[in-house]
1. Any residue at all in region C:100-120 that is over 30 Å from A:PHE85 (Cα atoms), in contact (Cβ under 8 Å) with a residue 60 or more places away in the chain, within 9 Å of chain A (Cβ to nearest Cβ) and buried (at least 17 other Cβ atoms within 10 Å of the Cβ)?
2. Any chance region A:44-62 includes a residue that's within 25 Å of C:LEU80 (Cα to Cα) and either of a type outside the set (A, V, I, L, M, F, W, C) or touching a residue at least 40 places away in the same chain (Cβ under 8 Å) (or both)?
3. Is it the case that region A:2-9 has a residue that's within 30 Å of B:VAL94 (Cβ to Cβ) and hydrophobic (A, V, I, L, M, F, W, C)?
4. Could you give every pair whose Cβ atoms fall below 9 Å, whose first residue belongs to region B:109-124 and is at positive phi, and whose second residue is among the charged types (D, E, K, R) and surrounded by fewer than 20 Cβ atoms within 10 Å (Cβ to Cβ), counting only separations of at least 6 or pairs across chains?
5. Where residues in region B:13-28 are surrounded by 13 or more Cβ atoms within 10 Å (Cβ to Cβ) and in contact with a Lys or Arg (Cβ under 7 Å, 6 or more places away or on another chain), which of them is farthest from the other protein chains (Cβ to nearest Cβ)?
6. Looking at B:ALA191, B:ALA184, B:ALA173, can you tell me which residue is within 17 Å of the chain's Cα centre (by Cα), farther than 21 Å from A:VAL82 by Cα, buried (at least 19 other Cβ atoms within 10 Å of the Cβ) and small (Gly, Ala, Ser)?
7. Checking the structure you have, find out if any residue of region B:140-155 is outside the structural domain of B:THR62 (by TED's automatic domain parsing), closer than 30 Å to C:LEU98 by Cα, in contact with a His (Cβ under 9 Å, 6 or more places away or on another chain) and free of Cβ contacts under 8 Å to residues at least 60 places away in the same chain.
Amino acid sequence: MKNDYRARNHPAWWAFLVHRLSGLALSLFLPFHFWALGQAFQGEARLDTLLRWTEQPLVKFAETGLVLLLAAHLTGGLRLLVLEFLPWRGWQKTLLAWAAGAALAAGLAFALVL
Amino acid sequence: MKMLHVSVWRGGAGGEYRSYEVPRQESQSVLDVVTYIQRNIDPTLSYRFACRVGMCGACAMTVNGVARWTCRTHVAKVVKDDAIQIAPLANFPVVKDLVTDMREFFDKWARARGQFVPCATRRDAFAQVAADSPGRVAANAGIECIGCGVCYASCDVVSWNPDYLGPAALNRAWTLVNDVRDGARRERLAAVAGDAGCHACHTHLSCSERCPKDITPTASIAGLKRAVAVAALKGEL
Amino acid sequence: MSSAGHGYAGAPLAGPNPGARSETWLWIAQRASAALLGLCVLVHLVTIIYAVRHGLSGEAILARTRGNGVALAFYMLYVLAIAVHAPIGLRTLCHEWLGWRSASLNWFIAALALALFAFGLRAGWAVFLAPV
């Protein structure tokens, strides 16, 4: 028999899922990011055309999502490095709260200044 | 009399849940419920227990989806709408009903070199291990494991990679890596490295979340990851 | 003293563990690149949030990057860390969620790492050399 969601329903498992899915999403986004930057070979005007396309509300919403994913993967990854490389016992949930808080703050900062 | 609606796994891997009505009592443990069913409703129900007081680790089962010692789990703690669901431990082959085959689980302890390998003889003096030495403190944190299999049943990496040695075996290896009297450190680190060993752990922390002895195998596995990495960097792996 | 023969009767003793060394090095590479990325992504996030304050334009982006050797060096390091980090993570995902464990996966992952590195460097060159 295999475990279902009830066995997994605790903060560290959700943190793992966020880390894996954000990592997957960022990996899928990377080729598009590199392609877009590569358009600079064709000059400033070409970049501006692309940037105008990104001003649509839906694209802006997706961009905020990407920043949030990047921030979550960063803070979640730092949390993992701490758990793997520093001696710890018992305070992993506090660490998780800090990681989630910092990621949300970064996403909010982006959404607010956008 | 207030009744408890109990759903119990019957049969082998291809079995099914069957429903039983058990009288609700005060201070009733999940093991009491299983025992009531076997003694009063269906004597063919198979399950395993020995001490009934949280010392032996034989009565671990899946209660409402979570691996637990049934003897130390009050019904009041897990009951939802007067119902509980009891299944055999996940990640173990089911023998029958609530009994699982733990052979692979313990074979993995051996594969992780969970055996103490003495390096002194009877003519040597007793080893002096200071209680506050770092190795002793690290070993102490993991030494109380009684091999109940709750961590192994809770671990998703075991589900995803059946060769994975699992939290209990790796925790055992870590206590021995920290035992100054042990003579097989190098072989043990080689045995616990890699895809089926410590590096497969994702720090889900499910093992540490569920361990009835409050051990944190995740911390032990992290210790192994570091020790193995250091051995690799030194060319000793 | 040999440590063989210390298992209980019938138990398989630890045999050779062929993947031990390579998997350990992949883990070290994954964690080392993660530490580097911790710094790079922090710089990247701060730059993003700083840059969007005044709205993004081709002119503003290229004014920061064109002919900027420090930015290019940082970017190359960043791309290298990504090209190491992301494929190893995806390899584990393929193992666990797709059950893809054959040698073909390792070739795929190696090709992915090279492609990410090359494509990332090309993008870095583009914003470094961009014509007006």
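The values are calculated or read from the model by the stated rules, or taken from the named source; none is laboratory data. As the structure is a prediction and not an experimental result, all values here were calculated from the model. Cβ sites come from the backbone with ideal geometry, for glycine too, and all protein chains shown count toward neighbours.
1. Within region C:100-120, none of the residues are over 30 Å from A:PHE85 (Cα atoms), in contact (Cβ under 8 Å) with a residue 60 or more places away in the chain, within 9 Å of chain A (Cβ to nearest Cβ) and buried (at least 17 other Cβ atoms within 10 Å of the Cβ).
2. Start the filter on region A:44-62 by keeping residues that are within 25 Å of C:LEU80 (Cα to Cα), which leaves A:47.
Subset that is either of a type outside the set (A, V, I, L, M, F, W, C) or touching a residue at least 40 places away in the same chain (Cβ under 8 Å) (or both): none.
For region A:44-62, residues within 25 Å of C:LEU80 (Cα to Cα) and either of a type outside the set (A, V, I, L, M, F, W, C) or touching a residue at least 40 places away in the same chain (Cβ under 8 Å) (or both): absent.
3. If we filter region A:2-9 for residues that are within 30 Å of B:VAL94 (Cβ to Cβ), which is where we start, we get A:2-9.
Applying the additional criterion that residues be hydrophobic (A, V, I, L, M, F, W, C) yields A:7.
Yes: region A:2-9 contains one or more residues that are within 30 Å of B:VAL94 (Cβ to Cβ) and hydrophobic (A, V, I, L, M, F, W, C).
4. Listed by first residue and then by second, the contacts come to B:ARG113/B:GLU187.
5. B:ARG24
6. Numbers: B:ALA191 fails: within 17 Å of the chain's Cα centre (by Cα); B:ALA184 fails: within 17 Å of the chain's Cα centre (by Cα).
None of the others qualify; the one that does is B:ALA173.
7. No, every residue in region B:140-155 fails to be outside the structural domain of B:THR62 (by TED's automatic domain parsing), closer than 30 Å to C:LEU98 by Cα, in contact with a His (Cβ under 9 Å, 6 or more places away or on another chain) and free of Cβ contacts under 8 Å to residues at least 60 places away in the same chain.
Condition check ((1) among the aromatic types (Phe, Trp, Tyr); (2) under 24 Å from B:GLY147 (Cα atoms)) across all residues:
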| site | (1), (2) |
| --- | --- |
| B:SER7 | no, no |
| B:GLY15 | no, no |
| B:TYR20 | yes, no |
| B:VAL30 | no, yes |
| B:VAL34 | no, yes |
| B:ILE37 | no, no |
| B:MET55 | no, yes |
